[in-house]
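The block underneath contains the structure these notes are about, expressed in structure tokens.
The values are calculated or read from the model by the stated rules, or taken from the named source; none is laboratory data. Here the structure is a predicted model, which means the values were calculated and not measured. No Cβ is skipped: glycine too gets one built from the backbone with ideal geometry, and neighbour counts run over all protein chains shown.
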Amino acid sequence: MYMPMPPSDRSDLFPGALEMMVLQTLRRGPLHGYALAQAIKQASDELVHVEEGSLYPALQRMLKAGWLSAAWSTSARNRQVRTYKLTAAGRKQLERKVSAFERLLSGIAKVMKAQES
Amino acid sequence: MSIWRWMAGRRRAEEDLAREIEANVAERADDLIDQGLSAADAQAQARREFGNRTLAIERSREVWIAPWLSSVWQDLRYAARSIARQPAFATSVIGILALGIGPLAALFTMFNGSLLRPWPVRDPSSIAIVKPIPGPREQFGSLSNVEYRYLRDHTRAFAHLATWTHGGGPVVYRKTNVSVLSKFVSANYFDMLGVGMHIGRGFLPEEEDYTSPRAVAIISERLWREHFGAPASIIGETILVYDSPFTIVGVAQNGFFDVETDSRRDLWMPRPSLALVFGDPDQNLKMLADPRGGSNAVAGRLAPGVTRAAAKAELDVLSGQFRRTIPMDAHGFTLRSTRPISDRNVLSNQLSILPAAIGALALVMLLVCANVGNLILARGVSRQRELAIRLSLGASRLRVVRQLVTEALLLSVLAGAVGLGGGIFALRVFIQTTRPNPLLANPDPYLVDPAVSAFTIAMALVACVASSVLPALRSTRVSIAARTAESSAGRPGAGRLRTTLLAAQLALSMVLLVGAGLLTRAVGHALTVDPGFAIQEVQAIAIRLPDGASIDRSTIFHRALRDALEAGKLPPVARSELTAITGSRALGSFRGGGDAGKSRELIVRAVSARYFEVLGIPLVNGRTLANDEHMQEVVVNESAARAFWPEEDPLGKRLVSGRSDAAVSYTVVGVAKDVPVTSLSEIQPVIYKSIRSGGLLLVRDLSPAVVDRIASSARSIEPEAVVTARPLADDIAVATQGTLMASRFAWAVGLLALILATVGAFGVFAYTVEERRREIGVRMALGAQARQVVATVVAGARTPILVGLGAGLLLALAATPVLGRFLYGLSPFDAATYAGISAMLVVSALVATWIPARRAAQIDPAITLRGD
């Protein structure tokens, strides 16, 4: 029996982290979904594992918000794939996200230090 | 953006997403193969790593669709699956609901087609029908043709103002002879309607010539194609209309049959050319040239931007100007829409039948909802565990109720579609079998248009809400713990609701069946009732010349026949324009001579001097009419005499009809006993005038010999004369036709109700037995006899049956007086009807409970107890 659930990311990441990493990764150039997941995995030294099941809804959300644009193209293995590209709005969103994230991170760091001393 | 384009766009987007995910999995599999896995393992692992594909797609969809919409979508899909799992339940619910919705939808389609639909032409809302307002002493307003032309020539508010009058009769083209309905119209009639020509042209203004009428005609596309073989050369050819040659100038655009909803017209001729077809041309033209004469039908298309109120104001002013010159009082006009319902006469005609029919069908609808409610309630019980699990998993009660209502909604909408389809089909069959002449019938009025669809959907929604909300609330109410642990111990609450619904069903069936029974008894009663004259002993003989005989020839014939009959070689023969009792009537306005005040409507019957003698209608005062049509003598019935001269002797008094400047005065020479003339149930004031030639022959002799003698007398004048005879008592059968139809309708509805109630009762008790299976098993294990078990179950049924019947009796007693004049004097409290129907209901209720009770008695305690 299927009962509806509230939409949520089921990864252990905090809210918005997946979006931020996707935007950051796409700054270096357009990628298709699988390549994007692989790129994030490699860049994090395999510490972050992106479950594709949550990657695609996130991509749809960002498409709808206008941070990404998508187009069909051919992969390295000569397969029809949809590649995602950062838009100007996406770039701005990334800057906002990163600065907010850095503030949060430094805040957390201060708390941790205060507890140590 | 339309919803369909949006949905198509969504579907494409989801296909794209599925393709994209497929590509993702394939890319991953290729990587895994590169790492040394076998193709099959790589494929499997890639899929595993991707995770839940459906969930990914669903959550992607939620990004685009508002959450509430997507949850409605889920509800619908879940409902569809849950219905598909129980086809028997779904079919019975849809079937029962369709029985309720279908008849109502058919009735509404009829109502819509004949009353609500505007004229089937371009932009009907800008057309206004112009009706003259009657003056204080007039029955109908007057609008002469001359005044119409004055208004037409001076109006600025109307782009086109047209007039018409109806006609009909045989049309001959080459060897083809068909009977059609026609219209005599002003030259701008088609421009006013906005109807074009298929071939040829419309009427020219000079063809509406009131001094020397032009014989030109326009025919319908259907007449041209189906009956004349669609010759392209028909423009300029001649047809005969009542023996007069007319030149065809145009064929109207395909599908145009004029604007009436209950008939279709296939022939149009200029208004003045009526003079060429009927009667004396000079006389006719003189009438059309009389600035005070007649009442013409007029309608116009408003000029752009002009309101109806402004147009009315303009016409009132113009009419005032015109009538000052005659001189004549101006009373102004009312402007109404082309929807037939805006005509008060049409409405009051329909309103005599419609409420009863709607009431009966609405009761059936209630029954249907009660029945379906019971079914859903019963099913709710068998779904208890499912519902309880959902509730305990955290679904809110509202969400589960919504889910249950959505299921009912899906079922109701399907039932609405089935019901509407079936209803329209039945309506078509009914119309085709009852319309005497399909050639004249308009096939279009009973179409499914947006109004019908909206009504059906509304009915489906009503059915859904009425049948599902209460059961849904009920089945989600009990606490979760109690429900999951519960096996099948009965719950008294649901039982009470079910038996209440059952009692209500019985009560409603009772009302409907009593109505049906009374109407049937009334028809039988009417056939035996004495109308007050010798209707059973009289024969009515109609004599006419073959079709196509000229009017002059038939006038001469009827004069000669009248003289032959009055020469007295035959038994006494009376003549009458109409048969003795008939709904078709001629009305006239009369003023009492001394009384200069208000005029009264009387029913006018043209009869010969011997009418009262032959029919055995006693003259209570005075004598019969003189045997001379030129003497302006009349006989009135007692009601008319009382109405005009309550205190005085009516003999020798004068009755005046017509306008004051052209009045005709009649002298009352006799008073006849009151007998019914228009329907069996009413006595109305009647005035009997002298008939000229022709008419129906009435003879107080039922033998065929007398018919032969009259026939041979007629044939000695005209060898081709056609003679038909029938008993005058047929009038009663014809007069009760309406009640007979009503009784059939009532029986159909009543039996439908009875079936629904019986099935409902059966369902309820079958379910009760099922619910109490364990209890009954225990009782039988402890030694109860089968008879005792049956008695227990039947005893449970006794209260709702008795309460239902009692309430039904009271409701029926309160409701049946509505049938009043359809009962022909039968009391609406006719004991035989009530007793018979009660017996019928008791028997069916007992059958419905006894079968489940028998089944209870056959329960094997060993099996039942082991099952727990």
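Data for the structure
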quantity	calculated
Criterion violated by B:L315 - all others in (1) at pLDDT 90 or above; (2) over 21 Å from B:A187 (Cβ atoms) satisfied	(2)
Matching residues in the stretch B:33-57 - criterion: being touching a residue at least 12 places away in the same chain (Cβ under 8 Å) and within 12 Å of chain A (Cβ to nearest Cβ)	B:A46, B:R47, B:E49, B:F50, B:R53, B:A56, B:I57
Conditions (1) in contact with a helix residue (DSSP H, G or I) (Cβ under 7 Å, 6 or more places away or on another chain); (2) closer than 25 Å to B:A299 by Cα: number failed by B:M197	(1)
Residue ranges of helices (runs of 4 or more DSSP H) in the stretch B:723-815 with at least 1 members under 30 Å from B:V538 (Cα atoms)	B:730-735, B:737-771
Which numbered condition A:L23 fails, given (1) at the interface with another protein chain (Cβ under 9 Å from one of its Cβ atoms); (2) of a type outside the set (V, I, T); (3) in contact with a Gly (Cβ under 8 Å, 6 or more places away or on another chain)	(1)
Complete set of residues in the stretch B:282-327 that are among the β-branched types (V, I, T) and either under 15 Å from B:I133 (Cα atoms) or out of contact with any Lys or Arg (no Cβ under 7 Å at 6 or more places or on another chain) (or both)	B:V298, B:V306, B:T307, B:V317, B:T325
Matching residues in the stretch A:47-71 - criterion: being in a strand (DSSP E or B), surrounded by 13 or more Cβ atoms within 10 Å (Cβ to Cβ) and either more than 10 Å from every other protein chain (Cβ to nearest Cβ) or among the charged types (D, E, K, R) (or both)	A:L68, A:S69
Criterion: at the interface with another protein chain (Cβ under 9 Å from one of its Cβ atoms), at pLDDT below 85 and out of contact with any helix residue (DSSP H, G or I) (no Cβ under 8 Å at 6 or more places or on another chain) - qualifying residue of A:P6, A:P15	A:P6
Qualifying positions in the stretch A:72-87 - free of Cβ contacts under 8 Å to residues at least 24 places away in the same chain and either facing chain B (nearest Cβ under 8 Å) or closer than 18 Å to B:N24 by Cα (or both)	A:W72, A:T74, A:A76, A:R77, A:N78, A:R79, A:Q80
Out of A:Q93, A:Q42, sole residue that is under 19 Å from B:V63 (Cβ atoms), among the polar types (S, T, N, Q) and either out of contact with any strand residue (DSSP E or B) (no Cβ under 7 Å at 6 or more places or on another chain) or more than 10 Å from chain B (Cβ to nearest Cβ) (or both)	A:Q93
B:S179, sole failed condition from (1) within 16 Å of B:I248 (Cβ to Cβ); (2) in contact (Cβ under 8 Å) with a residue 40 or more places away in the chain; (3) within 30 Å of the chain's Cα centre (by Cα)	(1)
Residue within the stretch B:65-77 that is more than 14 Å from chain A (Cβ to nearest Cβ), surrounded by fewer than 19 Cβ atoms within 10 Å (Cβ to Cβ) and of a type outside the set (V, I, T) present	no
The one condition in (1) buried (at least 16 other Cβ atoms within 10 Å of the Cβ); (2) outside any helix (DSSP H, G or I) that A:K85 fails to fulfil	(1)
Selected residue [touching a Gly at 6+ places or on another chain (Cβ under 9 Å) and surrounded by 15 or more Cβ atoms within 10 Å (Cβ to Cβ)] from B:R59, B:R117, B:R122	B:R59
The stretch B:367-404 - residue that is within 14 Å of chain A (Cβ to nearest Cβ) and β-branched (V, I, T) and, of those, surrounded by the fewest Cβ atoms within 10 Å (Cβ to Cβ)	B:I389
Test set (1) within 44 Å of the chain's Cα centre (by Cα); (2) facing chain A (nearest Cβ under 10 Å); (3) modelled with pLDDT of 85 or more - B:A80 fails condition number	(2)
Residue among B:D41, B:D30 that is among the charged types (D, E, K, R) and under 17 Å from A:L36 (Cβ atoms)	B:D30
Identity of the residue in the stretch B:1-32, β-branched (V, I, T) and surrounded by 15 or more Cβ atoms within 10 Å (Cβ to Cβ), that ends up farthest from the other protein chains (Cβ to nearest Cβ)	B:V25
Some residue of the stretch B:422-444 being in a loop (DSSP other than H, G, I, E, B), among the polar types (S, T, N, Q), modelled with pLDDT under 70 and surrounded by 18 or more Cβ atoms within 10 Å (Cβ to Cβ)	yes
Tally of residues being of a type in the set (D, E), surrounded by fewer than 16 Cβ atoms within 10 Å (Cβ to Cβ) and touching a strand residue (DSSP E or B) at 6+ places or on another chain (Cβ under 9 Å) across the stretch B:717-775	1
Enumeration of residues in the stretch A:10-37 that are free of Cβ contacts under 8 Å to residues at least 24 places away in the same chain, crowded, with 16+ Cβ neighbours inside 10 Å and either polar (S, T, N, Q) or outside any helix (DSSP H, G or I) (or both)	A:T25
Helices (runs of 4 or more DSSP H) within the stretch B:1-98 that include 2 or more residues under 30 Å from B:M459 (Cα atoms) and of a type outside the set (A, V, I, L, M)	B:3-34, B:67-85
Strands (runs of 3 or more DSSP E) within the stretch B:210-313 that include 3 or more residues farther than 20 Å from B:L143 by Cβ	B:216-219, B:238-241, B:244-252, B:267-270
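Conditions tested, residue by residue: (1) buried (at least 19 other Cβ atoms within 10 Å of the Cβ); (2) at pLDDT 95 or above; (3) within 19 Å of B:N296 (Cα to Cα).
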site: B:D191; (1), (2), (3): no, no, yes
site: B:G194; (1), (2), (3): no, no, no
site: B:G200; (1), (2), (3): no, no, no
site: B:L204; (1), (2), (3): no, no, no
site: B:D209; (1), (2), (3): no, no, yes
site: B:S212; (1), (2), (3): no, no, no
site: B:S220; (1), (2), (3): yes, no, no
site: B:R225; (1), (2), (3): no, no, no
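This table checks each residue for (1) touching a Gly at 6+ places or on another chain (Cβ under 9 Å); (2) surrounded by 14 or more Cβ atoms within 10 Å (Cβ to Cβ); (3) modelled with pLDDT under 80.
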site: B:A815; (1), (2), (3): yes, yes, no
site: B:Y824; (1), (2), (3): no, yes, yes
site: B:A857; (1), (2), (3): no, yes, yes
site: B:A862; (1), (2), (3): yes, no, yes
site: B:G867; (1), (2), (3): yes, no, yes
